[in-house]
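What follows is calculated from the coordinates using simple rules that are stated; it is not laboratory data. Everything numeric in this text was worked out from a predicted model, so none of it was measured. Note: ideal-geometry Cβ built from the backbone for every residue, glycine included; neighbour counts use all protein chains shown.
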Amino acid sequence: MTAHPLSQILAESDMVLQPYDSEYREALRAAYALDQKIWEIYPHSMVGEHFELSMRHFEAHYADGNWAGFLVLVAGQVAGLSNYINADAGNKVLEIGGTYISPEFRGTGVNGKMKRLMINHAFANGYRRIEFRVDARNKRSQAAVLKLGAVQEGILRQNRITWTGYVRDTVIFGLLKDEWRGSAS
């Protein structure tokens with residue numbers, strides 16, 4: 001297993017972003033199961049019989065060092081997961097995605113705080129651009145990314161087939177280091 005260079009514990013007050021550890025697998029399964037409907041707008045389903053296959057997909061990316069996964073812990077409770085994806089150190093670009101926040105933590109500032117920690121960490125480690133790729137149907141995530149200060153740069157039409165067979169459009173957002181104000185709430 002190759003550890004991702006950005007994979008380290010990040011923390012602020014009662015929130016800890018801990019590098020993914022399979023010991024939390026069942027806690028993630030339980031958190032994912034709290035919102036059965038949301039998975040219709042994700043590329044992969046993380047509930048029911050889909051959980052094992054999808055987690056193996058994520059874990060393969062963690063193992064090859066292509067992704068860095070972070071368990072989102074709030075006061076010790078698993079609140080979700082987010083990832084650095086396809087980090088290109090040569091071009092100093094990475095994506096933050098594959099994010100899920102449990103329903104009880106939505107609207108509480110957890111997502112903004114988590115993203116702020118991840119963005120600050122990436123920029124402090126020499127990255128100059130962060131991308132977010134969001135299903136065009138996911139208006140809540142698009143609004144959250146805009147709130148971070150990212151700019152919508154375009155739409156990739158019909159670029160991904162989701163686990164349901166839906167052919168989605170993907171909205172691309174970019175955030176540059178010199179534009180970042182650290183203002184996620």
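Count the net charge of all other residues whose Cβ sits under 15 Å from the Cβ of residue 41, scoring Lys and Arg as +1 and Asp and Glu as -1.
Summing Lys and Arg as +1 and Asp and Glu as -1 gives +4.
At an R0 of 45 angstrom, the distance between the Cβ atoms of residue 33 and residue 120 translates into a FRET efficiency of 0.90. For the stretch 10-179, the tally of Lys pairs with Cα-Cα distances below 23 Å comes to 13, considering only residues 8 or more apart or on different chains.
Put the Cα centre of the stretch 121-149 next to the Cα centre of the stretch 18-47 and the gap is 20 Å. The length gained on full extension between residue 108 and residue 140, counted as 0.36 nm times the residue separation minus their Cα-Cα distance, comes to 10.1 nm. Fully extending the segment from residue 14 to residue 163 would add 50.2 nm, taking 0.36 nm per residue of separation and subtracting the current Cα-Cα distance. Shape analysis of the stretch 10-179 places it in the rounded category; the axes a ≥ b ≥ c from the Cα gyration tensor give an a/c below 1.5.
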